[in-house]
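Remarks on the structure that follows.
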Amino acid sequence: MDYIAYLHKEPKSDFGVSFPDFPGCISAGNTLDEARTMAIEALQFHIKGMLEDGLEIPPPSSFDQLAGDPAMKDAVAVLIPRPGETA
């Protein structure tokens, strides 16, 4: 089960990553590879905290569900595996 992450890149900045299904779960990396690695770690940490707090983990949104999301403007959507699953 993969979650969609938004990858943003501004001139003279790192690659930023955010998750529409997990508001507040963000990460960054100097390179694309680092951004992906950090996104996997951020998602793992976020989901672990939600489980410890007894919160329900949302199912992944589909690309169609997120088509009109203004946060996706100028972003590239990438898939990040749920912790415990392989990429």
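Looking at region 55-80 only, could you name the residues that are charged (D, E, K, R) and either surrounded by 12 or more Cβ atoms within 10 Å (Cβ to Cβ) or in a loop (DSSP other than H, G, I, E, B) (or both)?
At the first step, the residues of region 55-80 found to be charged (D, E, K, R) are 56, 64, 69, 73-74.
Within region 55-80, Glu56, Asp69, Lys73, Asp74 meet the criteria.
Check Tyr6 against each of (1) assigned to a helix (DSSP H, G or I); (2) modelled with pLDDT of 95 or more; (3) over 16 Å from Gly84 (Cβ atoms) and name the one condition it does not meet.
(1)
Select from region 1-23 the residues that are under 13 Å from the mean Cα position of the chain (by Cα) and without any contact (Cβ under 8 Å) to a residue 24 or more places away in the chain and write down the one among them that is surrounded by the fewest Cβ atoms within 10 Å (Cβ to Cβ).
The selected residue is Pro23.
For region 33-54, which positions are touching a strand residue (DSSP E or B) at 6+ places or on another chain (Cβ under 6 Å) and either surrounded by fewer than 17 Cβ atoms within 10 Å (Cβ to Cβ) or free of Cβ contacts under 8 Å to residues at least 24 places away in the same chain (or both)?
Once the filter is applied, which keeps residues that are touching a strand residue (DSSP E or B) at 6+ places or on another chain (Cβ under 6 Å) and either surrounded by fewer than 17 Cβ atoms within 10 Å (Cβ to Cβ) or free of Cβ contacts under 8 Å to residues at least 24 places away in the same chain (or both), region 33-54 yields only Met38.
Kindly establish whether Ile26 is on the phi < 0 side of the Ramachandran plot, without any contact (Cβ under 8 Å) to a residue 24 or more places away in the chain and within 9 Å of the chain's Cα centre (by Cα).
Spelling it out, Ile26 is indeed on the phi < 0 side of the Ramachandran plot, without any contact (Cβ under 8 Å) to a residue 24 or more places away in the chain and within 9 Å of the chain's Cα centre (by Cα).
Please state which of the following conditions Ile47 fails to meet, knowing it meets all the rest: (1) among the aliphatic types (A, V, I, L, M); (2) assigned to a loop (DSSP other than H, G, I, E, B); (3) at pLDDT 90 or above.
Every listed condition holds for Ile47 apart from (2).
Hey, can you tell me all the residues within region 11-41 that are assigned to a helix (DSSP H, G or I) and acidic (Asp, Glu)?
Asp33, Glu34, Glu41 - these are the residues of region 11-41 that are assigned to a helix (DSSP H, G or I) and acidic (Asp, Glu).
The values are calculated or read from the model by the stated rules, or taken from the named source; none is laboratory data. Remember, it's a predicted structure, so these values are computed and weren't measured experimentally. Here the Cβ is made from the backbone with ideal geometry for all residues, glycine too, and neighbour counts use every protein chain on show.
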